[in-house]
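See structure below.
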Amino acid sequence: MAAVRGGAERYFTRWYKPDVKGRPCEDFCVLQHSNRICVITLAEAHPLLQTGKTITSINYQISANCSRLQNKVSGKSKRGAQFLTELAPLCRISSSDGEEYTIYSCIRGRLIEVNENILSNPAILQEKPSTEGYIAVVLPKFEESKSITQGLLTQKEYEEVLLKRLNSSS
Amino acid sequence: MWLLLRRSRETRYVPGVGGGSGFVETELSSMSSLTEKDRPIVQLLLNTGTCPRCILRFCCVGSQTVYRHPYKDLMKDLKDFLKNNQEKEDMVCFDVVDPPCKRIRLEDTEEGPDDVKHNGTLQQIPSVNDENTAMENSAVEVCNVCLGILQEFCEVDFVKKVCQKVNSADYQFTSFVFSVSLPPQLSVRERAAWLLVKQEMGKLGLSLAKDDIVQLKEAYKWIIHPQLSEELGVPADGKSLFEVSVVFAHPETDEECHFLATACPDCFKPAKNKQSVFTRMAVIKALEKIKEEDFLKHFPCPPCSPKNLCVALEIQCNNGAVFVAGRYNKYSRNLPQTPWIIDGERKLESSVEELISEHLMAAFKADSFNFSSSGREDVDVRTLGNGRPFAIELVNPRRIHFTAEEMKGLQQTINNSSDKIKVRDLQLVTREAIGRMKEGEEEKTKTYSALIWTDKAIQKEDIAFLDDIKELKLDQKTPLRVLHRRPLAVRCRIIHTMKSEYIDEHHFRLHLKTQAGTYIKEFVHGDFGRTKPNVGSLLNSTADILELDVESVDVDWPPALDN
């Protein structure tokens, strides 16, 4: 499962949130940099990354009034950013088999940017989910930068979850 | 009467203070600028407690040398000047026994009880029969306009005190500028004195513009500069980098300005840091605004005589900053540019700036430094080749003169002290150095050498095409590793040329020449696809950067020396 780690991810710690909103295997991986910037990505177990899934659309318009594409930040403190809570939706992705998946923030913080590259090239979401196929970049509040990981699992804890799933299904 | 006349002739032939030959002109020379119309002013000011030099100022005497005459002589000459007039009157009305005393006595009773002034000293009334006593005034009353600045603080004792302070501070200097900070209430008293004089001159049908009066600070400098210059052995120069500053205060009269706050409230901003609201600038502004009638309602005119002199609160020395420039090489992959301290804890030992500045601070004996360079490199990046230009501002240096040989010696000392850095072309420069740094950072190209790892196996031919790519345009979003402290933006940068060096199936070295401000590491690994194109995308693989070196910073400043 260990994908090739390039230089981009060297200074990141991986945190996991499995079965978000109770939906089985909809796992996310939050890459946290030592400078507290977080990158939201799909974890390997996510249905969208399984063989045979074809992505038909990616939509950052999460409600009538809110499009993540309209997020604009200015200055060092990223003023004007949309504020996210753990279960704030980032985007909705549909697959050819009629399924629709919602990608959630998983952490509290300011939305810095969403990945527009996956709009033009959805394939990279599946080919390189941990790097070029990232979903969004979020900046937690300075005071909360340590506490945001409290609701998340470490790599080791996540691997135990995966093991449990394997055992329960067999 | 005959006696009177004879005595006056004798006084005329006493040699003047300018070391004169005893002719009429020399003896009267210090007061030769004064004319008939000045008499009532001189009399009035002298009676109300104003010192001779301030009197000269209000009579618009512009000759610098006059002010430098000793205090006693000026006092005597002024009184003689006044007597002159009285004698003439004597000659006309010789039946009057003691006209001068009588006149002055009258004015005295107008002011206060008898002949005792509120500063406790007996006013010695200059009488024609009593000249000698007049000259031996034991207590010099503090001037009600300058509060002693043009009196005590022009004397040799104060000059010596200042020079002692300067000499003990051990500065190197070739000239000096003497700056003086006066208490704000002096402006108020100056205004009161002007109004008084203006009124008196009005009686003669004459006017007196504020600008015609000699400024107190100017007169003070006329007197003290030559003395300081002689004692220190260097000239006074307004442009000098070596500043001797004195702050004067007069606590006794500090509250005199307070009435201005009620009269012109908008001139006085709320005080910061417990400092007085009544700053010199605020007081001057208020004085410009306030109407004459309102001023006279609140402030005595003439100003009252103070008990005490001003005090010199601080005598400080300061040298203008010197600038040292050079180029540095960095050989360590574990050295930050500036000290790396988080929550008071130092994360990595030392830094480029500390290793260079430490010895300069000691040699120049400066208070502090400001380090700047033409861009910078990460902790784990080496700087090779000619090195990166840097400039250090040394603040308040005690030593400023260094020969080229001494600078070379300093350079050697720095180089001997550490193997992590090296400096070259170390030299003294001017302030424009800082601008040059900025220019170098933003405009000049840099060349790098990067050790690259690829996921996909490669052969020599697979990377050869990189050598042919010229002027490659990159779009670089703010790298994630600095995004917490920089604004989100997209930068267009150009890679001018590249040269590849095959090592093995998964490694090669890439030499690049790039535009200023290009993020090299992000160009190699792609930063989550946020730098496009990148080495990974060009090779259709995943790439990583293992090592980075700066090969050159293409700035031809500072000038190269024979190192």
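Derivation of every value follows stated rules applied to the coordinates shown; laboratory data play no part. Because the structure is predicted, anything quoted here is derived from the model rather than measured. Using ideal geometry, Cβ is built from the backbone for each residue, glycine included, and neighbour counts are taken over all protein chains shown.
General remarks:
- Sequence-distant contacts, meaning Cα pairs under 8 Å at least 6 residues apart, place the relative contact order of the stretch B:347-444 at 35 percent.
- Values of log10 I(q)/I(0), in the order q = 0.12 Å⁻¹, for the stretch B:261-404 under a Debye, Cα-only, solvent-free model: -0.74
- The protein assembly as shown: proportion of alpha-carbon pairs further apart than 53 angstrom, %: 44
- Listed by Cβ neighbour count within 10 Å, with the fewest neighbours leading, B:PHE259, B:PHE242 appear as B:PHE259, B:PHE242.
- Distance distribution note for the stretch B:446-523: the fraction of Cα pairs above 17 angstrom is 51%.
- At 0.890 mPa s and 25 °C, Stokes diffusion of the stretch B:157-255 via Kirkwood alpha-carbon radius, µm² per second: 154
- Counted charge near B:ARG398, where neighbours are those whose Cβ lies closer than 11 Å (Asp, Glu -1; Lys, Arg +1): 0
- Built from the Cα atoms of the stretch B:413-466, the convex hull projects on average onto 7.6 nm², one quarter of its surface area.
- For the residues of B:531-539, the average number of beta carbons from a partner chain within 10 Å of their own beta carbon is 1.
- Average partner coverage of B:475-488, which counts Cβ from other chains inside 10 Å: 5
- According to the Kirkwood relation over distinct C-alpha pairs, the hydrodynamic radius of the stretch B:177-327 is 18.1 Å.
- Sorted by Cβ neighbour density within 10 Å, fewest at the top, the residues A:ILE103, A:ILE118: A:ILE118, A:ILE103
- Sites B:SER168 and A:ALA64 - FRET efficiency at Förster radius 60 Å, r taken between beta-carbons, to 0.05: 0.15
- A compact globular protein would have a Cα radius of gyration near 2.2 N^0.38 Å; the ratio found for the stretch A:32-96 is 1.37.
- The alpha-carbon atoms of the stretch A:15-170 define a convex hull whose volume equals 120 cubic angstrom per residue.
- Cα centroid separation - the stretch B:402-467 against the stretch A:97-159, whole Å: 39
- Under Karplus coefficients 6.51, -1.76 and 1.60, residue-wise ³J(HN,Hα) of the stretch A:24-36 in Hz, glycine/proline x: x, 6, 7, 9, 10, 10, 9, 8, 9, 7, 4, 8, 5
- Counting charges near A:VAL114 (Lys, Arg +1; Asp, Glu -1) among other residues having Cβ under 15 Å from its Cβ returns a value of +4.
- Near B:LEU78, once Lys and Arg are set to +1 and Asp and Glu to -1 for all other residues with Cβ below 12 Å from its Cβ, the sum equals +2.
- Per-residue [θ]222 nm for the protein assembly as shown (sum of -39500 (n - 2.57) over DSSP H runs n ≥ 4, rounded to 500): -9000 deg cm²/dmol
- By average C-beta atoms within 10 angstrom, highest first, the peptides B:333-341, B:443-451: B:443-451, B:333-341
- DSSP beta bridges in the protein assembly as shown [antiparallel fraction, %, rounded to 5]: 90
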